[in-house]
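Peer 1: Here it is, the structure in full.
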Amino acid sequence: MPKPAPKTFAVKSFGCQMNVYDGERMAELMAAEGLSPADAADADLVVLNTCHIRERATEKVYSDIGRLRKHGDPMIAVAGCVAQAEGEEIFARAHVDVVVGPQAYHNLPRLVADAAAGRPALDTDMPVASKFGALPARRKVGPSAFLTVQEGCDKFCTYCVVPYTRGAEVSRAFAAIVDEAKALVDAGAKEITLLGQNVNAWADADGRGLDHLIRALDRIEGLARIRYTTSHPNDMTEGLIDAHAQVERLMPFLHLPVQSGSSRILKAMNRSHTRDSYLRVLDKVRAARPDIALSGDFIVGFPGETDADFEETLRLVDEVRYAQAFSFKYSPRPGTPAAEMADQIAPEVMDERLQRLQAAINRDQLAFNEASVGRHCPILIERKGKLPGQMLGKSPWLQSVHLITDARVGDMVEVTIESAGPNSVGGVERLRAAA
Ligand code: SAH
Ligand code: SF4
Ligand code: F3S
């Protein structure tokens, strides 16, 4: 049924940082089309930028559609990884107007026009030509900005949907990335986080890797901090590890998911690294940058995981002492090999393992924060805190820092860390860095 062309829009992102990046770019695209941003509750067009990684993430989109339909009749576009995975089925399951995959969202204006004219509006193509060239330039961003440099995944871990929803590994061109980084800095970014499902698999046409890109960004005036995420253990090259020793603006933080401490389970996951090869990579990284903060991802209850396998995961955590880490209960995903494996683990076993793992991670997180008390470091101020005069920012080690200051968003402030909690630290200002 035809609908009036939308005048206002809202984008809601549900997934990883790359999904958030895509959401920002879709918002910029709709604004460039002349639509004004609005709250999701009263926008004419609501873009639900979805995630398919675990069952619960996927279900969120359907409850959101129900909620939106109960209160009004906006045009609804389902974007992101659920759109890619479920495609046309979404029209059958819910009353939505547009379905657009993560490699096709540059076509959103055309799809919205089609939907307004009452024509079917679905695009889940994965074109070879990059969508990035078809997007408007970056204009207004916060002090910490994301920049997607690599998309897709060829690793095919047996539990994971990403190779299906995002397609094969593709690296964006060096020059396009450097241009976007400069545009982000001109638009106010002080920190850039390079993003990719396997960001450290980035390579240019001459086979140069992510370290080459990091060194190029290091020459951009006005950029204070460089980060990258998410990395695969097998793509931690010597060059990238060296960059951690040599590039001052590359922050001392590494998110390197391991998933399990048991080599037997890692093999069943098709991770292509072992417990030992992973720990050897961390040794090298720590030798290059002794103060580096480590982060990881874990899955508990992968099919066939025994108590002994799980104990190995706990022992790995004890050994590494992560500064922070994410842990998830295994969620069987349609179409992935692990969903068909025998020995699926009972939910109560998963619950118990997750609790024990999270207790160990929380213990180390608090210990890391406590060990940073007394440290002097620069904080990038990102937003206002809850208390009067309070601002929130990030330390080089990606800790959330709260402090009382008259500094503004985007300022760099030298602080001494003086208190620590499980999820954040408190700082006192020493002196303001010259702008
Ligand atoms: N490319 C990254 C991250 C992929 S998704 C990597 O290789 O690690 C982010 C995290 O979600 C993964 O690291 C994994 O811990 C978790 N995850 C992925 N699939 C999952 C599933 N089926 N069930 C539970 N957690 C999952
Ligand atoms: Fe998924 Fe594995 Fe690829 Fe990470 S490396 S995105 S977990 S398939
Ligand atoms: Fe989710 Fe897709 Fe990211 S499945 S984690 S939004 S790549």
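One line per residue, one yes/no per condition, for (1) within 23 Å of the chain's Cα centre (by Cα); (2) closer than 30 Å to Glu55 by Cα; (3) surrounded by fewer than 18 Cβ atoms within 10 Å (Cβ to Cβ); (4) of a type in the set (Lys, Arg):
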position: Glu340; (1), (2), (3), (4): no, yes, yes, no
position: Lys384; (1), (2), (3), (4): yes, no, yes, yes
position: Pro388; (1), (2), (3), (4): no, no, yes, no
position: Met391; (1), (2), (3), (4): no, no, no, no
position: Asp411; (1), (2), (3), (4): no, no, no, no
position: Val415; (1), (2), (3), (4): no, no, no, no
position: Pro422; (1), (2), (3), (4): yes, yes, yes, no
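Peer 1: If we scan region 75-92, do we find a residue that is more than 17 Å from Ala121 (Cβ to Cβ) and not assigned by TED's automatic domain parsing to the domain that holds Arg333?
Peer 2: For region 75-92, residues more than 17 Å from Ala121 (Cβ to Cβ) and not assigned by TED's automatic domain parsing to the domain that holds Arg333: present.
Peer 1: Could you tell me which numbered condition Ser36 fails, if it satisfies all but one of (1) at pLDDT 95 or above; (2) crowded, with 21+ Cβ neighbours inside 10 Å; (3) of a type in the set (S, T, N, Q)?
Peer 2: (2)
Peer 1: For region 277-308, which positions are in a loop (DSSP other than H, G, I, E, B) and among the β-branched types (Val, Ile, Thr)?
Peer 2: Residues satisfying the conditions are Ile292, Thr306.
Peer 1: Also, quick follow-up: Those residues that are closer than 13 Å to His376 by Cα and either charged (D, E, K, R) or in the same structural domain as Ala325 (by TED's automatic domain parsing) (or both), I need them from region 410-430; list them, please.
Peer 2: Result: Glu414, Glu418, Glu429, Arg430.
Peer 1: Another question, if that's okay. Which condition does Thr58 not pass, out of (1) within 16 Å of ligand 2 (Cβ to nearest atom); (2) hydroxyl-bearing (Ser, Thr, Tyr); (3) within 16 Å of the chain's Cα centre (by Cα); (4) crowded, with 21+ Cβ neighbours inside 10 Å, if it passes all the others?
Peer 2: (3)
Peer 1: Among the candidates Gly66, Gly72, which residue alone is assigned by TED's automatic domain parsing to the domain that holds Phe14 and out of contact with any helix residue (DSSP H, G or I) (no Cβ under 9 Å at 6 or more places or on another chain)?
Peer 2: Just a single option satisfies the conditions, and that option is Gly66.
Peer 1: For the structure I just gave you, tell me whether His402 is in contact with a strand residue (DSSP E or B) (Cβ under 8 Å, 6 or more places away or on another chain) and either of a type in the set (Ser, Thr, Tyr) or surrounded by 15 or more Cβ atoms within 10 Å (Cβ to Cβ) (or both).
Peer 2: yes
Peer 1: Suppose the filter is surrounded by fewer than 17 Cβ atoms within 10 Å (Cβ to Cβ) and at pLDDT 95 or above; does Val161 pass it?
Peer 2: no
Peer 1: While we're on this one: Can you tell me which residue within region 219-247, out of those that are under 18 Å from Ala288 (Cβ atoms) and more than 22 Å from the chain's Cα centre (by Cα), is surrounded by the most Cβ atoms within 10 Å (Cβ to Cβ)?
Peer 2: Here the residue is Val247.
Peer 1: Mind listing whichever residues of region 264-284 are surrounded by fewer than 17 Cβ atoms within 10 Å (Cβ to Cβ) and farther than 28 Å from Ser372 by Cβ?
Peer 2: Across region 264-284, the qualifying residues are Arg264, Lys267, Asn270, Ser272, Thr274, Asp276, Ser277.
Peer 1: Then there's this: On the given criteria, is Ala85 surrounded by fewer than 16 Cβ atoms within 10 Å (Cβ to Cβ) and either away from ligand 3 (no atom under 16 Å from the Cβ) or part of a helix (DSSP H, G or I) (or both)?
Peer 2: So Ala85 does not fit the description; no.
Peer 1: Condition (residue is within 16 Å of ligand 3 (Cβ to nearest atom), more than 21 Å from Val78 (Cα to Cα) and touching a Pro at 6+ places or on another chain (Cβ under 6 Å)) applied to region 159-179: is it met by at least one residue?
Peer 2: no
Peer 1: Further question on the same structure: Does Tyr21 satisfy the condition of being under 16 Å from Val100 (Cβ atoms), in a helix (DSSP H, G or I), among the aromatic types (Phe, Trp, Tyr) and in contact (Cβ under 8 Å) with a residue 12 or more places away in the chain?
Peer 2: Judged against the criteria, Tyr21 is a match.
Peer 1: Can you name the residue in region 358-387 that is aliphatic (A, V, I, L, M) and part of a helix (DSSP H, G or I) and, of all such residues, is farthest from Asp318 (Cα to Cα)?
Peer 2: Ala371
The values are calculated or read from the model by the stated rules, or taken from the named source; none is laboratory data. None of the values given here were measured: they were computed from a predicted structure. Cβ coordinates were reconstructed from backbone atoms using ideal geometry, including for glycine residues, and neighbour counts include every protein chain displayed.
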